[in-house]
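Chemist: Submitted below is the structure of interest, expressed as structure tokens.
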Amino acid sequence: MTVLLVSAVALIDADGRVLLAQRPEVKSMAGLWEFPGGKVEADETPEAALIRELHEELGINTWKSCLAPLTFASHAYERFHLLMPLFACRRWEGVPSPREGQTLAWVRPDRLRDYPMPPADIPLIPILRDWL
């Protein structure tokens, strides 16, 4: 089975809320909410992929020094196995805005379960909630 490496981030604002992005209708798992991020390319580190994806998807800039490794997801989907490090980030430049048709929501940690997520993301919720 192929292992897919995807990097994700919990962007945390000054009020302690976490940014979630809703997958657009044209993507698999459309309508589900997830932590921003994306696939790690062959020549990238997870941190570099996240910096690139945040710029492409949300129009914001951050730096490796602002990405703190928090936890990871390891989940078997039907066609691949997902390995997804989750970083926490409290510092970035710009205002997150949807650039790829996604909907964004700033969510309090105790409300994360109210947002339907892909199976791999669900176990990350209690870890993030307890950490915040």
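The values are calculated or read from the model by the stated rules, or taken from the named source; none is laboratory data. Everything numeric in this text was worked out from a predicted model, so none of it was measured. Methodologically, a virtual Cβ is constructed for each residue, glycine included, from the backbone with ideal geometry; neighbour enumeration extends over all protein chains shown.
Chemist: Need pairs with beta-carbon distance below 6 Å; first residue in contact (Cβ under 8 Å) with a residue 24 or more places away in the chain and within region 41-65, second buried (at least 21 other Cβ atoms within 10 Å of the Cβ) and small (Gly, Ala, Ser); sequence gap 6+ or separate chains.
Modeler: Pro46/Ser7; Ala49/Ser7; Leu50/Ser7; Leu50/Gly37; Glu53/Gly37
Chemist: Suppose we keep only residues that are assigned to a loop (DSSP other than H, G, I, E, B) and among the polar types (S, T, N, Q) within region 7-54. Which one would you say is farthest from Leu132 (Cα to Cα)?
Modeler: If we take residues in region 7-54 being assigned to a loop (DSSP other than H, G, I, E, B) and among the polar types (S, T, N, Q), then Ser28 is farthest from Leu132 (Cα to Cα).
Chemist: Right, Leu58: closer than 15 Å to Leu128 by Cβ and either at pLDDT below 95 or among the hydrophobic types (A, V, I, L, M, F, W, C) (or both) or not?
Modeler: No: the conditions fail for Leu58.
Chemist: Would you mention how many residues in region 38-56 are touching a Pro at 6+ places or on another chain (Cβ under 9 Å) and closer than 18 Å to Ala105 by Cα?
Modeler: 2
Chemist: Related question: Name every residue in region 20-49 that is within 18 Å of Tyr115 (Cα to Cα) and in contact with a helix residue (DSSP H, G or I) (Cβ under 8 Å, 6 or more places away or on another chain), in order of residue number.
Modeler: Leu20, Ala21, Phe35, Pro36, Gly37
Chemist: Taking Leu112 and the conditions (1) assigned to a helix (DSSP H, G or I); (2) loosely packed, with under 14 Cβ neighbours inside 10 Å; (3) not aromatic (Phe, Trp, Tyr), which numbered condition does it fall short on, given that it satisfies the others?
Modeler: Just one mismatch for Leu112, condition (2).
Chemist: If you check Leu124, Leu82, Leu112, Leu104, which single one turns out to be over 18 Å from Arg52 (Cβ atoms), among the hydrophobic types (A, V, I, L, M, F, W, C) and touching a His at 6+ places or on another chain (Cβ under 6 Å)?
Modeler: None of the others qualify; the one that does is Leu82.
Chemist: Please work out which residue is farthest from Thr2 (Cα to Cα), limiting yourself to region 77-132 and to residues that are among the polar types (S, T, N, Q) and in contact with a strand residue (DSSP E or B) (Cβ under 6 Å, 6 or more places away or on another chain).
Modeler: Only one residue fits best here, namely Thr103.
Chemist: Now for a separate question. Find the residue count for region 14-35, including only residues that are touching a residue at least 40 places away in the same chain (Cβ under 8 Å) and surrounded by 12 or more Cβ atoms within 10 Å (Cβ to Cβ).
Modeler: Total meeting the criteria: 13.
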